[in-house]
Number of protein chains: 2
Amino acid sequence: MKLLHTADLHLGKIVSGVSMLEDQRYILNEITKIIKHEEVDGIIIAGDLYDRSVPPTSAVSLLNDTLFHWNVELKLPIYAISGNHDSAERLNFGSAWYKNTQLFMAGKLMKTIEPISLAEAEIWLVPYHEPALVRELMQDDEIRSYEDAMQAITKQIRSVWDSSKAQILVGHAFVAGGIPSDSERQLSVGNVDRVSTTAFDGFDYVALGHLHHPHAISHPTIYYSGSPLKYSFSESQDQKSVRIVSFSGNKLTEVREVPLIPQKDMRMESGTLQDLTTNLLDHPEDYLAIRLEDKGALIDPIGKLRPFYPNILHLERKKLEITTQNEDRFEELMKKDDIELFDQFFEHVRGESLTKKQVDLMTAIFNEVRKEEN
Amino acid sequence: MKLLHTADLHLGKIVSGVSMLEDQRYILNEITKIIKHEEVDGIIIAGDLYDRSVPPTSAVSLLNDTLFHWNVELKLPIYAISGNHDSAERLNFGSAWYKNTQLFMAGKLMKTIEPISLAEAEIWLVPYHEPALVRELMQDDEIRSYEDAMQAITKQIRSVWDSSKAQILVGHAFVAGGIPSDSERQLSVGNVDRVSTTAFDGFDYVALGHLHHPHAISHPTIYYSGSPLKYSFSESQDQKSVRIVSFSGNKLTEVREVPLIPQKDMRMESGTLQDLTTNLLDHPEDYLAIRLEDKGALIDPIGKLRPFYPNILHLERKKLEITTQNEDRFEELMKKDDIELFDQFFEHVRGESLTKKQVDLMTAIFNEVRKEEN
């Protein structure tokens, strides 16, 4: 058996005001070519089919047409779950009907997960879920974290699975050790959203979505497919791909990447305005973040670059780099007292430091304010 | 063959800030009872399944569960179209899969409508559409109005139909002569949204949605089922119902109403605050519009009524009736000149008319203002 594993389609995504829909249509067509060439037996989509709970209707039509082609026309089973960007209820609508043609769409997590039972494998669809939902479904107050929730779910699965078959789990989660990129929406602060790899002990293949890097985790049986397109410049170094997962009987025999070549790449470039407008970069229609290395003032640099590079998504100046040091700067500022801070501000605005008289005046004002606060 | 005809479910509707979802769940269950008792062979839903293009997820789940019960569990064909309140694209999602169990969901109008072909009938699903869409689909610049659009569609249908079978059309439109209620969103100004009954010449039964009154039109073959619930006080006198439509072979034999009794009625009541709080009305939990007949000042009347009538949606005072005469009043006012109008205002505020001196003063002021305007 051969499965294609993808995830994080984010249909309808807008990056810096630009709709990715045509790029998405193109890359889905590339995936269709791989599906046909590899002659896969099924397709896994591990969540984030849409970019938001109410996607634009153009994205709704694109997903409908894609699933129709893969499932009804090519007659391939599809194993799909909702991700944190999807609306569980909206994606779930109609799933009872889709099953008739082996389109398995798990929008909502159910109390008991029923496996999709194949001749030599069981596939478990675990849609994205928050701990509170699992706590309620399982009536277990001990479930407080994403880790607890996934452990509880996989424990339940292990208690009923048919261990003579290959065990495949499809999930959408942040597995500990995974490397996130800018385009995954922050789920929660700190590490409370992490699930450890031990939650998936015993599974033969864990098909994950959520992190967009295809190598976000390094593990013999746990894989992120990564998104089919770059959705942020932090992904510009990724080689996007889908995974082809092969089984011989109930044994996992191969996990292989097939690269995806987008219609337009997303990449970072730098140079002076003069350079960039005289020596044109290759593939000027790509989505670009350009860092201008000029030091002096520039008049309308974006207007000058656009005719050559129509899809610039981000433009920055070299001297603005200081803003990336904000964290150190903040710690430094925390050490100063009010007068020192005001003096720094005054100097920034007026180009000269406070006089003795001005320091005294400001000190009096600060004292008065503090008095009123008490 | 026996069909049940309903429409305008408006799932997820909110009336005066109150969600109708539980009333909708109740009435859908009442319809289920009728479906079973009448042993119908199919169900028509003539548009406005939802109240808005992006309904709340609770409404999405309710529609999913209802359609699942009727179509998959009771194994009944469903013939549904989108209305002006629905999103054509969103409702259309998955329709290719629904067909497998004879759930026919026409969200988007297509260039050529294919009939659903039964042994002795053809059913044509004509989703809500604006003239511009039909103009584009048919490549016919002459299509400017709703009337043109529907005439073009039915002409096309007549050119291909099998006249040996009963011809049934399911549509969502404002048919000329129909009586609207407050809860249908105004489609357009004037009569440009009207479709004449001749557009449906030759059809044996036209199952319409859009107008909420079950007798919005009186015609031997064209029927509005009306909404299953009252959605505005202008519908308070309606007896809501579903229609049972029977055919013998290809002949329409009977069109019959089966009344629907809601969990909570929607009705208008009047009385003094004293009366209403001492002699309690029947069914005090109904959705009420109350007109207080008291003449003097009242302190917190809604607060005094709520404990007895928890679902008051509207409260008005008798003396406010004058506002309903606004139209006549406006015409009367248009005849007066500035001084007359000001005199009326002055008298209203001060209780006495302008003196001669005041009239002269105001005339001078008006003249000065007019001079500045020129």
Candidate set: segment A:93-106, residues that are more than 8 Å from chain B (Cβ to nearest Cβ) and touching a residue at least 24 places away in the same chain (Cβ under 8 Å); chosen: the one farthest from the chain's Cα centre (by Cα): A:Q102
Taking the options A:L9, A:L28, A:L3, A:L74, name whichever one is in contact with a helix residue (DSSP H, G or I) (Cβ under 8 Å, 6 or more places away or on another chain), within 26 Å of A:L252 (Cβ to Cβ) and more than 14 Å from chain B (Cβ to nearest Cβ). A:L9
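For (1) basic (K, R); (2) under 27 Å from B:L49 (Cβ atoms); (3) surrounded by fewer than 22 Cβ atoms within 10 Å (Cβ to Cβ), each residue gets a yes or a no:
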| residue | (1), (2), (3) |
| --- | --- |
| B:T221 | no, yes, yes |
| B:S225 | no, yes, no |
| B:S236 | no, yes, yes |
| B:K240 | yes, yes, no |
| B:M266 | no, yes, no |
| B:D282 | no, no, yes |
| B:R291 | yes, no, yes |
Screening A:R158, A:R135, A:R144 for residues that are under 20 Å from A:Y223 (Cα atoms) and among the charged types (D, E, K, R) leaves only A:R158
Positions within segment B:59-71 being crowded, with 21+ Cβ neighbours inside 10 Å, more than 13 Å from B:I31 (Cα to Cα) and more than 9 Å from chain A (Cβ to nearest Cβ), in sequence order: B:A59, B:L62
Can you give me the number of residues within segment B:78-92 that are surrounded by fewer than 24 Cβ atoms within 10 Å (Cβ to Cβ) and within 12 Å of another protein chain (Cβ to nearest Cβ)? 6
In segment B:66-81, is there at least one residue being part of a loop (DSSP other than H, G, I, E, B), free of Cβ contacts under 8 Å to residues at least 40 places away in the same chain, touching an Asp or Glu at 6+ places or on another chain (Cβ under 8 Å) and within 20 Å of B:V40 (Cα to Cα)? yes
Can you tell me which residue within segment A:164-189, out of those that are assigned to a loop (DSSP other than H, G, I, E, B) and under 18 Å from A:I143 (Cβ atoms), is modelled with the highest pLDDT? A:A173
Which pairs turn up if I take residues in segment B:167-195 that are under 18 Å from B:Y231 (Cβ atoms) and buried (at least 16 other Cβ atoms within 10 Å of the Cβ) and look for partners that are at pLDDT 70 or above and charged (D, E, K, R) with beta carbon separation below 6 Å, at least 6 apart in sequence or on another chain? B:F174/B:D193; B:F174/B:R194; B:S181/B:E235; B:L187/B:D193
Taking segment A:107-122 and keeping residues part of a strand (DSSP E or B), crowded, with 18+ Cβ neighbours inside 10 Å and free of Cβ contacts under 8 Å to residues at least 60 places away in the same chain leaves A:I116, A:E122
Evaluate segment A:313-323: report whether one residue or more is under 24 Å from A:L11 (Cα atoms) and touching a strand residue (DSSP E or B) at 6+ places or on another chain (Cβ under 9 Å). yes
Regarding segment B:203-212, can at least one residue be identified that is among the small types (G, A, S) and modelled with pLDDT under 95? no
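The values are calculated or read from the model by the stated rules, or taken from the named source; none is laboratory data. Only a predicted model underlies this, so the values are computations on that prediction, with no experimental measurement involved. Cβ: placed from backbone, ideal geometry, glycine included. Neighbour counts: every protein chain shown.
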